[in-house]
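Asks: I'd like to ask you about the structure that follows.
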Amino acid sequence: MWCQRLVWLLQGQRGSSRRRWPWLPWVPRPVLAVPTRCHPTAPTSPHCAWHLHQDHLELSYGSTVMRLDFVWLRDHCRSASCYNTKTNQRSLDTASVDLAIRPQAVRVDETTLFLTWPDGHVTRYGLEWLVRNSYEGQKQQVMHPRILWNAEIYRQAQVPSVDCQSFLETDEGLKEFLQNFLLYGIAFVDNVTPTKEDTEILAERISIIRETIYGRMWYFTSDFSRGDTAYTKLALDRHTDTTYFQEPCGIQVFHCLKHEGTGGRTLLVDGFHAAEQVLRQAPEHFELLAKVPLKHEYVKNMGGCHNHMIGVGPVLNVYPWNNELYLIRYNNYDRAVINTVPHDVVRRWYHAHRALTAELRRPDNELWVKLKPGKALFVDNWRVLHGREAFTGYRQLCGCYLTRDDVLNTARLLGLQA
């Protein structure tokens, strides 16, 4: 699995080969019954060869065997007349490409594939570019490198908090913070002035603040000002937020401004680590959780306010080409009536949900943190579940949601893979 392989790489261990999952929707296209020939390239590049089939080119380069449809090869041409390198936009009209197109000539040297089309146009592709951008190449790549963790792994990593001044005033501090956040799904900033205004400045350093039904920046107390269990002093089980949004909020910011009482520790659980354990122990459960759509809802009927929001999606969301997990939508409080699953699947889904819940509730997966004034916490709401223990006294937090695209873009501008 991609996440575990990253851990092995970082620990200097040798990873195992990629597991193939039987429910992957992709099936290799059969080779048509037409004569084919193998065309080895020059002797100086013995690891490259190609086969011309009726509707696609099969290209072997290094350890990757790519199957490239002729239409795809024409559509992605990077010549000056087909692609604008200044704007990084396609100029070629895809709808104008003949769906039965076939190259008149094919040639491969040590680094480049050359295709000559019936109208005389020549397309050139670097072989390394093809490996990176082919379907087969994408299956081998990780979109978002991460380190999966339980409580002990995270403590042993001794991930440092970033000082507020360094975070706000230097690229080095910001980059360190974002690297921690991308790898672990959580990151802390210390020495923040405990006010909503200063927390807002902190958040805007990496993203546009996302406006929601909860406002822009919010205060959070136990006054039950909203129809939500979170606005009480009760314990909250682990969950992700805004599962009832069509696109759940990407990042959540918490800053405890004041607590005059006991309890109230914050619980953090790496949902991707738990899902990885389910995959290892019972892949059929992982499959159901990744395929079955569910409804989550937020219903508010207080005073003159009537609101009913519904979000739909599976508990586990994966990229279909390499099955990399990118979002977990888990909130037992907000899950609506299960009416999107036929009766012959319901019981199996409950077994799968129970398996994931058992992993999420394993004590060794629970990281407990006492939030105090001056320490701000950023949580990847697509990955890390949060909760809290019951508390006494007056407790006030402030926070906000951030737009995911802006956070990732800030990281990319600093040279990080995100």
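Asks: If you check every pair at least six apart or on different chains, which have Cβ atoms under 7 Å apart with a residue in the range 338-354 that is more than 17 Å from Ile328 (Cα to Cα) first and a residue that is assigned to a helix (DSSP H, G or I) second?
Replies: Hits for this filter: Ile338/Val346; Val341/Trp349; Arg348/Leu288; His351/His285.
Asks: Condition (residue is open to solvent by 10 Å² or more (accessible area, probe 1.4 Å), of a type in the set (A, V, I, L, M, F, W, C), modelled with pLDDT of 95 or more and assigned by the TED database to the domain that holds Leu174) applied to the range 389-409: is it met by at least one residue?
Replies: yes
Asks: Looking at the range 95-112, which of its residues are of a type outside the set (A, V, I, L, M) and open to solvent by less than 70 Å² (accessible area, probe 1.4 Å)? Don't jump to the end; show me each part of the working.
Replies: Let us first name the residues in the range 95-112 that are of a type outside the set (A, V, I, L, M), namely 96, 98, 102-104, 107, 109-112.
The answer is Pro103, Asp109, Thr112.
Asks: Just checking, does the range 343-363 include any residue being in contact with a strand residue (DSSP E or B) (Cβ under 9 Å, 6 or more places away or on another chain) and among the small types (Gly, Ala, Ser)?
Replies: no
Asks: Asn317 is checked against (1) under 24 Å from Leu367 (Cβ atoms); (2) open to solvent by 30 Å² or more (accessible area, probe 1.4 Å); (3) among the polar types (S, T, N, Q); (4) within 25 Å of the chain's Cα centre (by Cα) and fails just one. What number does that condition carry?
Replies: (2)
Asks: Give the number of residues within the range 157-195 that are surrounded by fewer than 20 Cβ atoms within 10 Å (Cβ to Cβ) and part of a loop (DSSP other than H, G, I, E, B).
Replies: Qualifying residue count, the range 157-195: 9.
Asks: Considering (1) loosely packed, with under 15 Cβ neighbours inside 10 Å; (2) at pLDDT 95 or above; (3) of a type in the set (Asp, Glu), say which one Asp198 fails and leave the rest.
Replies: Every condition holds for Asp198 apart from (1).
Asks: Of Leu115, Leu130, Leu148, which residue is in contact with a strand residue (DSSP E or B) (Cβ under 9 Å, 6 or more places away or on another chain), open to solvent by less than 40 Å² (accessible area, probe 1.4 Å), in the same structural domain as Leu52 (by the TED database) and not in a helix (DSSP H, G or I)? So that I can check it myself, show each step before the final result.
Replies: Details: Leu130 fails: not in a helix (DSSP H, G or I); Leu148 fails: in the same structural domain as Leu52 (by the TED database).
Unique residue meeting the criteria: Leu115.
Asks: Those residues that are open to solvent by 30 Å² or more (accessible area, probe 1.4 Å) and either in a helix (DSSP H, G or I) or not assigned by the TED database to the domain that holds Ala282 (or both), I need them from the range 356-371; list them, please.
Replies: Ala358, Pro363, Asp364
The values are calculated or read from the model by the stated rules, or taken from the named source; none is laboratory data. Since the structure is predicted, the reported quantities are computational estimates derived from the model, not experimental observations. Cβ sites come from the backbone with ideal geometry, for glycine too, and all protein chains shown count toward neighbours. Ligands, DNA and RNA are stripped out before the accessible areas are found, and what is left, the full protein with its side chains, is counted by its heavy atoms. Shrake-Rupley method; radii C 1.70, N 1.55, O 1.52, S 1.80 Å.
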